Structures are given as C-alpha cells and as structure tokens.
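One structure is given here, and the rest of the page talks about it.
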Amino acid sequence: IAFEMYAFFGLTAFWLEDARPVYWIADKSTMILGGAYLPVYLMPTTFRLVAQWSPFGAILSSSQVFHEGFLVRAPLLLLAQALWVVVFLVGLCLVWSRAVRKLSVNGG
C-alpha cells in the first residue's frame, strides 16, 4: 500500500512544481492514523474507525497486534489492505495514463 500510495502522490509532480508538501501530508497522515504517535485502540471511536479504514491507517495496521481484539479484527484489516491495494493500483493506472499524455520531451 505504501509503495502505491507514494507512487500515486509522486505523480503529482506532473502537475505541481514541488511535490514535497504532498509527501509531507502523506507522511504525517500515516504517522497519525497509523498509530505511531498514539495506538489506534486508544483513539476515540470515530477517529479509530477513520484510522482503521483509511489507507494511511491500513499501512501500519500491524501496530494493532498488541490489542486483545486483534485476532477478531485481523481478517477485516487484511480486507481493508487488499481493498486499498486495488484502489491505488487503479488510480495509478489512470493517473499514469494522464501523466504520459501531459509529458513533453524536448531535445534530440
């Protein structure tokens, strides 16, 4: 998921002059929603659901392994990861095809 997500955000360089802010937002979102700063099971219920089902939280869902209900939720977490892999793969294909059409190579 992380590879596809960063590749997707990296393709914004075709439209933005500097893609570093996009990477910064993705990094911080992954850290916050992935449970690196605060374990996911300690988050409020609404924020925990957003963290579990967002692509940023799905990247680091292994950090939830220490919660006692992990084995019950493991199949859902794996399903969320598989879903985000497919979503980003389709998105990458679409954005890549648009980026190739925008590409202009000068020189010889």
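The values are calculated or read from the model by the stated rules, or taken from the named source; none is laboratory data. Given the structure is predicted, the values throughout are model-derived calculations rather than measurements. Reconstructed Cβ throughout: ideal geometry from the backbone, glycine too, with neighbour counts over all protein chains shown. Protein only, heavy atoms only, side chains kept; ligands, DNA and RNA dropped before computing areas. Shrake-Rupley method; radii C 1.70, N 1.55, O 1.52, S 1.80 Å.
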**Q.** Under 14 Å, Cβ to Cβ, from Tyr37 - net charge with Lys/Arg +1 and Asp/Glu -1
**A.** +1
Q: Give the carbon-plus-sulfur fraction of the accessible surface of the chain in %, rounded to a whole number; probe 1.4 Å, heavy atoms of protein chains only.
A: 72 percent
Q: Could you state the accessible area per residue of the chain in Å², with a 1.4 Å probe and every protein chain left in place?
A: 67 Å²
Q | Per-q log10 I(q)/I(0), region 1-46, q = 0.18, 0.34 Å⁻¹ (Debye; single scatterer per alpha-carbon; no solvent) | A | -0.61, -1.17
Q: Based on a Kirkwood Rh over C-alpha pairs, give the Stokes-Einstein translational diffusion coefficient of the chain at 10 °C and viscosity 1.306 mPa s in µm²/s.
A: 104 µm²/s
Q | Helix axis angle, 20-33 relative to the chain longest principal axis, alpha carbon, degrees | A | 10 degrees
